[in-house]
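Okay, so here's the structure we're looking at.
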Amino acid sequence: LLPSLTMAEKKVPELVRPVTDLTSTIGFREREALEKRLTDYANERGTQVAVLLVDTTDPEPIEDYAYRVF
(Lines give C-alpha, C1' and ligand atoms only; values in the text may rest on other atoms or scores of the structure.)
Protein backbone atom coordinates (compact mmCIF):
# COMPACT_ATOMS: atom_id res chain seq x y z
CA LEU A 1 0.00 0.00 0.00
CA LEU A 2 2.77 2.47 0.81
CA PRO A 3 4.34 2.38 -2.70
CA SER A 4 0.89 3.07 -4.18
CA LEU A 5 0.47 6.16 -2.05
CA THR A 6 3.93 7.40 -2.93
CA MET A 7 3.31 6.88 -6.63
CA ALA A 8 -0.08 8.60 -6.43
CA GLU A 9 1.38 11.59 -4.62
CA LYS A 10 3.92 12.13 -7.39
CA LYS A 11 1.21 12.31 -10.04
CA VAL A 12 -0.47 15.40 -8.56
CA PRO A 13 1.66 18.45 -9.27
CA GLU A 14 1.75 21.47 -7.02
CA LEU A 15 -0.65 23.96 -8.53
CA VAL A 16 0.95 27.37 -8.12
CA ARG A 17 -0.47 29.09 -11.19
CA PRO A 18 -3.89 29.12 -12.82
CA VAL A 19 -2.56 27.02 -15.71
CA THR A 20 -0.31 24.00 -15.23
CA ASP A 21 0.61 22.36 -18.54
CA LEU A 22 2.72 19.25 -18.04
CA THR A 23 2.27 18.31 -21.71
CA SER A 24 3.66 21.50 -23.29
CA THR A 25 0.45 21.76 -25.30
CA ILE A 26 -0.16 25.45 -24.66
CA GLY A 27 2.37 27.98 -25.92
CA PHE A 28 3.80 30.69 -23.69
CA ARG A 29 1.62 33.51 -25.05
CA GLU A 30 -1.52 31.41 -24.95
CA ARG A 31 -0.80 30.35 -21.38
CA GLU A 32 -0.18 33.93 -20.30
CA ALA A 33 -3.42 35.11 -21.96
CA LEU A 34 -5.42 32.28 -20.38
CA GLU A 35 -3.90 32.95 -16.96
CA LYS A 36 -4.82 36.62 -17.24
CA ARG A 37 -8.41 35.75 -18.14
CA LEU A 38 -8.66 33.29 -15.26
CA THR A 39 -7.17 35.78 -12.81
CA ASP A 40 -9.52 38.53 -14.01
CA TYR A 41 -12.45 36.13 -13.68
CA ALA A 42 -11.44 35.25 -10.12
CA ASN A 43 -11.13 38.91 -9.20
CA GLU A 44 -14.50 39.81 -10.73
CA ARG A 45 -16.53 36.80 -9.59
CA GLY A 46 -14.68 35.52 -6.55
CA THR A 47 -14.49 32.07 -8.12
CA GLN A 48 -11.19 30.42 -8.99
CA VAL A 49 -10.71 28.25 -12.06
CA ALA A 50 -7.57 26.23 -12.72
CA VAL A 51 -6.42 24.31 -15.77
CA LEU A 52 -4.23 21.20 -15.49
CA LEU A 53 -3.01 19.30 -18.54
CA VAL A 54 -1.43 15.87 -17.97
CA ASP A 55 -0.41 13.13 -20.40
CA THR A 56 -2.47 10.50 -18.64
CA THR A 57 -4.07 9.59 -15.35
CA ASP A 58 -3.44 5.86 -15.88
CA PRO A 59 -3.77 3.55 -14.07
CA GLU A 60 -6.17 5.72 -12.08
CA PRO A 61 -9.62 6.62 -13.47
CA ILE A 62 -9.86 10.28 -14.46
CA GLU A 63 -12.61 10.89 -11.89
CA ASP A 64 -10.43 9.67 -9.03
CA TYR A 65 -7.45 11.68 -10.23
CA ALA A 66 -9.56 14.83 -10.62
CA TYR A 67 -10.93 14.37 -7.11
CA ARG A 68 -7.43 14.13 -5.64
CA VAL A 69 -6.26 17.16 -7.62
CA PHE A 70 -9.24 19.16 -6.45
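Considering only region 6-40, how many residues are within 24 Å of R68 (Cα to Cα), assigned to a helix (DSSP H, G or I) and either in contact (Cβ under 8 Å) with a residue 40 or more places away in the chain or not basic (K, R) (or both)?
The qualifying residues number 9.
Can you tell which of T39, T56 is out of contact with any Phe, Trp or Tyr (no Cβ under 8 Å at 6 or more places or on another chain), at pLDDT below 95 and among the polar types (S, T, N, Q)?
Testing whether each residue is out of contact with any Phe, Trp or Tyr (no Cβ under 8 Å at 6 or more places or on another chain), at pLDDT below 95 and among the polar types (S, T, N, Q) leaves just T56.
State yes or no: is G46 at positive phi and out of contact with any helix residue (DSSP H, G or I) (no Cβ under 8 Å at 6 or more places or on another chain)?
The answer is yes for G46.
In region 15-31, what residues are loosely packed, with under 12 Cβ neighbours inside 10 Å and not basic (K, R)?
V16, L22, T23, S24, T25, G27, F28
Can you pull out every residue in region 41-66 that is open to solvent by less than 100 Å² (accessible area, probe 1.4 Å) and outside any loop (DSSP other than H, G, I, E, B)?
Hits for region 41-66 are Y41, A42, V51, L52, L53, D64, Y65, A66.
The values are calculated or read from the model by the stated rules, or taken from the named source; none is laboratory data. Just so it is clear, the structure is predicted and the values come from calculations on it, not from any experiment. Note that we place each Cβ from the backbone using ideal geometry, even for glycine, and neighbour counts take in every protein chain shown. Only protein heavy atoms, including side chains, enter the accessible area calculation; ligands, DNA and RNA are left aside. Shrake-Rupley method; radii C 1.70, N 1.55, O 1.52, S 1.80 Å.
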